[in-house]
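Quick notes on the structure that follows.
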Amino acid sequence: MPVEQIKDRITLKHPDGASAEILFYGATVVSWKARDNTSSTPSERLFVSGKAALNGSKPVRGGIPVVFPCFGPPEHPDHARLSQHGFARNEVWNFEKIVMDNDAGVSVRLNLLPRPSIAAVYDKPFELAFVVTLSEHQLSTDLHVANPSRTSALEFQALLHTYIRAPAQEVLIQPLSGRRYVDKVDNAAIKEENRGAVDVRHFTDSVYEEVPDKIIVSWPNGGLVVKKTNFPNVTIWNPGAEAGSRIGDMEPGGWERFVCVEPGFVRGFKQLSPGETWIGQQVLSLNE
Ligand code: TA6
């Protein structure tokens, strides 16, 4: 099961043709190709804008950006000097090791430790690791957050900002019915979802609370399942044409080709005691 390290990225390959690509920049997964029951050849399951910067000049517009230690504009005093969605997606991570490489799948681990560029804006001790595992029909991404301090707690938010390639006008996300959510398109009003399935036919930016760990993302003749662990919240985002056309690195009409389904711990802050580690996991599956 080959793992290839090319200049700016790691490529994982599976004997059946599935593959994944992870930029060292931001540990951003920028490609996941796999077959489902209806296809004989692997196809791309993630969306990356054709105008995305992949050279480290700015966070990638697409794939699976890693959001840490804050989601959205910073609210916590520890995060006061950070930009939106924190520093993890803006830093070059280190390739630590191959965790697994057999017929079942291949798994690699990257890490991000304090360094001067981070210390300039964030002075809390932390250790991050990101483990990406590719199997025939699944892509698993685990974010490990450790608090190496012997004395102080670590408070953070974390989220995987996953851009699922999908026909945005036809995609449905469930089960969110009855769940409370923050509607960021309506002055952050707190609402209860009254739809059986959520669509993104209009500008959508909703942070759902206490969401079941299995989320079904479906569209005519396609779909995938998102399974999450330790991520109680899910953000659903699609900017639509008006807001989308104002995003500088969004390809023309790009908003028609993705839905962001973002498992996270973003309502309040996760607190790690000294020496504690937390793992948030997302598993994207075809053929469920
Ligand atoms: O996850 C949804 C969101 O917080 C939206 O509010 C929008 O800002 C999106 O993330 C993209 O953020 P970015 O900083 O990548 O442009």
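Averaging 1/r over each pair of different alpha-carbon atoms in the stretch 55-106 and inverting the result gives 13.2 Å, the Kirkwood hydrodynamic radius.
If exposed trypsin sites (Lys or Arg not before Pro) are those in a DSSP loop with at most 14 other Cβ within 10 Å, what is the longest stretch of the chain that has none? Can you show the working numbers first?
On the way: sites that count: Lys7, Lys51, Arg81, Arg150, Arg195, Arg201, Arg246.
Formally, the longest exposed-site-free interval is 82-149.
Ordering Tyr163, Val182, Ala153 by Cα displacement along the dipole of the stretch 137-193 toward the positive end leaves Ala153 in first place; charges were set at the Cβ atoms of Lys, Arg (+1) and Asp, Glu (-1). Put simply, the chain fits an ellipsoid with semi-axes of 26, 25, 18 Å; these come from the alpha carbon gyration tensor as the roots of five times its eigenvalues, largest first.
Extending 7 Å from Cα along the Cβ direction at Gln174 and again at Asp249 yields two label points whose distance is 3.5 nm.
To the nearest 500 deg cm²/dmol, what mean residue ellipticity at 222 nm is calculated for the chain from DSSP H runs of n ≥ 4 alone, each contributing -39,500 (n - 2.57), summed and divided by the residues? So the calculated ellipticity at 222 nm is -500 deg cm²/dmol. FRET efficiency for the Gln84 to Thr41 pair, using the beta carbon distance and R₀ = 22 Å, is estimated at 0.05. The stretch between Ala104 and Arg267 holds 55.1 nm of extra length on full extension. This uses 0.36 nm per residue minus the Cα-Cα distance.
Note on Lys228: lysines with a C-alpha under 21 Å away, same-chain residues under 8 apart excluded, are Lys33, Lys214, Lys270.
Each reported figure results from applying straightforward, stated rules to the coordinates on display, with no laboratory input. Worth saying up front: this structure is predicted, and the values here are computed from it rather than measured. Positions of Cβ are backbone-derived with ideal geometry, glycine not excepted, and every protein chain shown enters the neighbour counts.
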